[in-house]
Amino acid sequence: MHACIVFMLFFLLQGCSDEPEKLQASLNAKGEYIYRLHNEFFFSLPAPEPKLIEPYAWESYHGSLPKVTKEYFRCKGSPLNPVRTANVKEETVRYQDCSGSDKHSLPLKDGKEFIYPVLLDLLNYLQNKTGKRVVITCGHRCPEHNTYSDPTPQNRYSKHMIGAEAAFYVQGLEDKPEQIVNLIIRYYQEAPKYQAMKEYTEFKRYEKMEKTDVQTPPWYNKEIFIKLYKKKEGRDFDNRHPYPYLRVQVRYDWDRKEKVVFDWKQANKNYLRK
Ligand SMILES: [Zn+2]
């Protein structure tokens, strides 16, 4: 019992031996006054307000397939493609392909690469509605690739050269191109911007069959012209696949409110080359 008390005293004395140093330290410490205005305690921060971030263009798209952008419209020409020959007026003409889309741009508008937006909207609509991938076999064609892939005189003024035409099929629905045409027509009936505008929502059939290279009468409204190529029609170099396909041409520029016509200068001078 005594031993216990002795131990406790020993520890207490040990503890006391630090005290004078601590006291000295606190005497040496200098305080500093904090100046505040009356009733002011801390900086007051305004309460944060929750703010929604605007989605980026690629975020507002909720389909499971990659969004169709103008990147898919780049010229399919390649310097690796072999020289093609054709007989024109009993003479053999040789055609060489362009140097590829990494050596030239898309058509330009106001200094930026440009494809008519209605084509992008339509193809994305088709992807969303069908849940299937749209395969663009031919978007922009530079003049060299345009001649290379189809040297016939009818193709000389192709709107592919000005970014106003797309050839495509839908994967998994290759043999149902009529169904795709119906969906395109439905797009015009559903899109709010065309509401109550008959020249857009109602399609007519083009009957001047001698002026076209297809057997099925094309469909058209004010803005676009749709051609359906059957399995053995329209087999140019870009369309060597075995499927029927569609070709959509822009006839009217919604933004500029003017007709879209082929223009030599736009086709040949309005894109950048490396
Ligand atoms: Zn090209």
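At a glance:
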quantity	calculated
C-alpha long axis of helix 177-190 to longest principal axis of the chain, angle in °	60 degrees
The chain shape via C-alpha gyration tensor axes, a/c threshold 1.5	prolate
Note, ³J(HN,Hα) from phi for region 78-86, Karplus 6.51, -1.76, 1.60, rounded to Hz, x at Gly and Pro	8, x, 7, 5, x, 5, 9, 10, 8
For region 33-147: rounded, prolate or oblate by the Cα gyration tensor [a/c cutoff 1.5]	prolate
Rounded to 10°, Cα long-axis angle of helix 2-16 versus longest principal axis of the chain	60 degrees
Residue-level accessible surface for LYS198, protein heavy atoms, 1.4 Å, Å²	140 Å²
Förster-model FRET efficiency, 30 Å R0, LEU65 and LYS259, C-beta, rounded to 0.05	0.40
Computed E for SER44/ARG186 - FRET, C-beta separation, R0 41 angstrom, nearest 0.05	0.10
Region 228-274: C-alpha gyration tensor shape, a/c 1.5 cut-off, then a/b vs b/c	oblate
Within straight-line cross-link reach of LYS103, lysines at Cα separation under 29 Å, skipping those fewer than 8 residues along the same chain	LYS67, LYS70, LYS76, LYS112, LYS159, LYS265, LYS269, LYS274
Listed residue (LEU122, VAL170, THR212) projecting farthest to the positive dipole end of the chain, Cβ model	THR212
Mean ellipticity per residue at 222 nm, deg cm²/dmol - from DSSP H runs of n ≥ 4 across the chain, formula -39500 (n - 2.57)	-7500 deg cm²/dmol
Nearest-20 debye value, region 31-127 charge dipole, Cβ charges on Lys, Arg, Asp, Glu	520 debye
Tilt relative to the chain, helix 117-130 - C-alpha long axis, 0 to 90 degrees, to 10	80 degrees
Projected label distance in nm at GLU202 and LEU272, using a 7 Å step from Cα toward the beta-carbon	4.6 nm
Dipole moment magnitude, nearest 20 debye, region 185-263 about Cα centre, only Lys, Arg, Asp, Glu C-beta charged	260 debye
In nm, spacing of pseudo-spin labels at GLN195 and GLU19 (7 Å Cα→C-beta vector)	8.7 nm
Residue-normalised accessible area of the chain, given per residue in Å² at a 1.4 Å probe	69 Å²
Charge dipole magnitude, Cβ of K and R +1, D and E -1 - the chain, Cα centre, debye nearest 20	1620 debye
Portion, in percent, of the accessible area of the chain that falls on carbon or sulfur, probe 1.4 Å	56 percent
Sites matching GluC sites (Glu not before Pro) across region 161-244 that sit in DSSP coil, with at most 10 neighbouring C-beta atoms within 10 Å	GLU207
Rg(Cα)/(2.2 N^0.38 Å) for region 147-230, N = residue count	1.20
Interchain or long-range residues, amide H under 5 Å from CYS138's placed H	ALA167
Cut-off of 10 Å, at most 12 other beta carbons, DSSP loop: longest stretch of the chain lacking such chymotrypsin sites (Phe, Trp or Tyr not before Pro)	59-274
Long-range amide H partners of LYS109 with built H, under 5 Å	PHE114
Karplus (6.51, -1.76, 1.60) ³J(HN,Hα), θ = phi - 60°, over region 154-162, in Hz, Gly and Pro reported as x	5, 8, 5, 10, 4, 6, 4, 6, 10
For region 179-243 versus region 68-108, the gap between their alpha-carbon centres in whole angstrom	25 Å
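The values are calculated or read from the model by the stated rules, or taken from the named source; none is laboratory data. From a predicted model like this one, the values you see are computed outputs, not experimental measurements. For neighbour counting, all protein chains shown are included, and Cβ atoms are generated from backbone atoms with ideal geometry for every residue, glycine included. Calculation scope for accessible area: heavy atoms of the full protein, side chains included, ligands and nucleic acids excluded. Shrake-Rupley method; radii C 1.70, N 1.55, O 1.52, S 1.80 Å.
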